[in-house]
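Have a look at the structure below, then the notes.
The values are calculated or read from the model by the stated rules, or taken from the named source; none is laboratory data. Owing to the predicted nature of the structure, the values given are computational and were not obtained by experimental measurement. Cβ coordinates were reconstructed from backbone atoms using ideal geometry, including for glycine residues, and neighbour counts include every protein chain displayed. Just so you know, the surface numbers come from the protein's heavy atoms only, side chains and all, with ligands and any DNA or RNA stripped out. Shrake-Rupley method; radii C 1.70, N 1.55, O 1.52, S 1.80 Å.
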Amino acid sequence: MQINAERLWARLAALAEITDKAEPWTRRSFTPRFLEGRAWLEKEFAAAGLAVSRDAGGNLVGHLPGREAARVPIVLGSHSDTVPAGGRFDGTLGVLAGLEVAQSLQEQGIVLDHPLEVIDFLAEEPSDFGLSCIGSRAVAGALTQDMLAMTRPDGMTLAEGLAYVGGRPDALAEAARPRGAIAAYLEVHIEQGRVLESEGRDIGIVTDIVGIRRERIVVSGRADHAGATPMNLRHDALVGAARIIDAAHRKAFAGGTDDKPMVATVGYLVNQPNAANAVPGRVEMILEVRSGDELAVSAFTQELLAAAAPALAELGVSATSSLISHVPPTPCAEPIRTAIVRAADGLGLNHRAMPSGAGHDGMFVSRVGPIGMIFVPCRDGRSHAPEEWIEPEQAATGARALAAAVLELDRA
Ligand code: HGY
Ligand code: MN
Ligand code: MN
Ligand code: MN
């Protein structure tokens with residue numbers, strides 16, 4: 001089966017151009033720019049011959065009937081939202097490679113036994129509500145009322161956000177799919193690391209997706225005049241946050257093992273009042289910890305804040321943490337991995353098995369059906385940065401492996 005590499009590359013370039021111009025490449029979920037990208041995708045899905053719908057969870061779903069309507073679908077997909085000033089390929093490659101496979105099947109008169117779906121999952125990246133994988137949580141029936149009540153800094157609730165993107169927060173049961181409702185889920189994604197490029201591999205076949213825990217930490221001090229407040233009378237919340245951030249970095253550096261490495265990051269921080277001449281009174285930040293070691297991830301923040309307590313007491317500040325999300329490590333399914341290996345071997349691709357240090361929608365889709373992921377190398381392993389890049393041939397290889405794996409799974 002052929003795919004149209006030029007068309008895939010042209011679509012990747014066109015979707016990338018739908019970005020906040022001041023800060024490429026940015027298409028944050030729940031924003032007008034995201035809706036612009038969705039409108040473009042909807043047009044492309046229809047032009048590719050798919051029946052297009054939006055489910056109650058805010059996902060864009062393209063549907064291609066199969067020979068046997070009673071079968072559950074093979075699903076391809078990923079996400080079209082980005083981190084701020086992210087890249088052009090994180091997520092979009094999976095959505096557009098899936099679309100390319102669906103269109104190429106029709107053009108070559110290949111009718112699968114299974115229905116085929118291509119899904120752009122809503123808000124895979126941590127949204128301004130703090131929550132990630134919102135659309136795939138909805139498909140897994142894991143979007144709770146508490147989550148719908150989460151607010152973003154401008155006060156919008158996630159329920160309002162869902163409605164804004166065409167979801168139906170009061171009908172989430174319609175988006176939820178029971179276990180067994182998906183025959184196989186396949187996602188092509190850029191590796192977002194350096195392994196494949198450094199080893200000269202064509203693709204990676206993912207073994208498992210790392211576990212991720214995110215907590216909101218608030219450091220409370222006292223806002224004061226920066227000039228008239230002596231150092232010994234200050235309660236500087238940002239210095240307290242700095243102690244915590246440095247300790248988290250050191251703890252993760254020393255933590256983990258070779259087969260279960262650990263990473264910890266504070267990438268989001270709000271300093272208040274955030275004025276050059278005011279001692280910071282309050283800091284809110286998000287700490288995320290990732291590792292295959294579930295226990296270590298679960299205990300990380302509590303241990304961290306206990307160890308930082310004397311330093312915080314000395315500063316006259318306090319810290320509290322609240323859980324945002326915790327997703328355990330997610331294995332990819334053996335039969336799906338085997339089908340991808342057969343597909344890659346059939347194409348003569350140089351491949352290897354590897355874990356994913358990045359989170360993906362498959363963490364939740366795995367609750368509905370077996371998942372598999374295909375990684376393509378990205379330049380210098382860079383991602384979540386404007387420098388993110390892949391070559392047209394690498395995009396095409398990912399789509400060809402996806403197409404061949406779909407044919408393998410359809411026959412299974
Ligand atoms: O954060 C992640 O791992 C993914 O890129 N959303
Ligand atoms: Mn990402
Ligand atoms: Mn991604
Ligand atoms: Mn993903």
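Annotations for the structure displayed:
- Selected residue [in contact (Cβ under 8 Å) with a residue 12 or more places away in the chain, touching a His at 6+ places or on another chain (Cβ under 7 Å) and away from ligand 3 (no atom under 16 Å from the Cβ)] from ILE209, ILE205: ILE205
- Among the criteria (1) in contact with a helix residue (DSSP H, G or I) (Cβ under 9 Å, 6 or more places away or on another chain); (2) open to solvent by 10 Å² or more (accessible area, probe 1.4 Å); (3) in a strand (DSSP E or B), the one ARG28 does not fulfil is (3).
- For the range 376-408, filtered to residues that are charged (D, E, K, R) and within 14 Å of ligand 3 (Cβ to nearest atom), the residue that is least open to solvent (accessible area, probe 1.4 Å) is GLU388.
The rows are residues; the columns are (1) among the aliphatic types (A, V, I, L, M); (2) outside any helix (DSSP H, G or I); (3) within 16 Å of ligand 3 (Cβ to nearest atom).
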residue: MET1; (1), (2), (3): yes, yes, no
residue: ALA13; (1), (2), (3): yes, no, no
residue: LYS43; (1), (2), (3): no, no, no
residue: GLY49; (1), (2), (3): no, yes, no
residue: ALA69; (1), (2), (3): yes, yes, no
residue: SER78; (1), (2), (3): no, yes, yes
residue: ARG88; (1), (2), (3): no, yes, yes
residue: GLY109; (1), (2), (3): no, yes, no
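- Test result for ARG234, in contact with an Asp or Glu (Cβ under 7 Å, 6 or more places away or on another chain) and crowded, with 18+ Cβ neighbours inside 10 Å: yes
- Looking across the range 57-87, the residues that are surrounded by fewer than 21 Cβ atoms within 10 Å (Cβ to Cβ) and touching a residue at least 40 places away in the same chain (Cβ under 8 Å) come down to HIS63, PRO65, GLY66, ARG67, GLU68, ALA69, ARG71, VAL72, VAL83, PRO84, ALA85.
- Of all the listed residues (GLY167, GLY180), the sole one being away from ligand 3 (no atom under 16 Å from the Cβ) and within 24 Å of LEU409 (Cβ to Cβ) is GLY180.
- Selected residue (criterion: farthest from ligand 2 (Cβ to nearest atom)) from residues of the range 107-126 that are under 29 Å from ARG213 (Cα atoms), open to solvent by less than 10 Å² (accessible area, probe 1.4 Å) and out of contact with any Asp or Glu (no Cβ under 7 Å at 6 or more places or on another chain): VAL118
- Cross-chain or 6+ apart pairs with Cβ under 9 Å, the range 93-106 first and more than 16 Å from ILE203 (Cβ to Cβ) and open to solvent by less than 10 Å² (accessible area, probe 1.4 Å), then at pLDDT below 95 and not aromatic (Phe, Trp, Tyr): SER104/MET1; LEU105/MET1
- Boolean, ARG342 is surrounded by fewer than 20 Cβ atoms within 10 Å (Cβ to Cβ), farther than 26 Å from ALA183 by Cβ and either within 16 Å of ligand 3 (Cβ to nearest atom) or of a type outside the set (S, T, N, Q) (or both): no
- The residues of the range 345-358 that are among the small types (Gly, Ala, Ser), closer than 30 Å to ARG179 by Cα and surrounded by fewer than 23 Cβ atoms within 10 Å (Cβ to Cβ), listed by number, are ALA353, GLY357, ALA358.
- Number of the condition not met by ILE119 [criteria: (1) aliphatic (A, V, I, L, M); (2) within 16 Å of ligand 4 (Cβ to nearest atom); (3) on the phi > 0 side of the Ramachandran plot]: (3)
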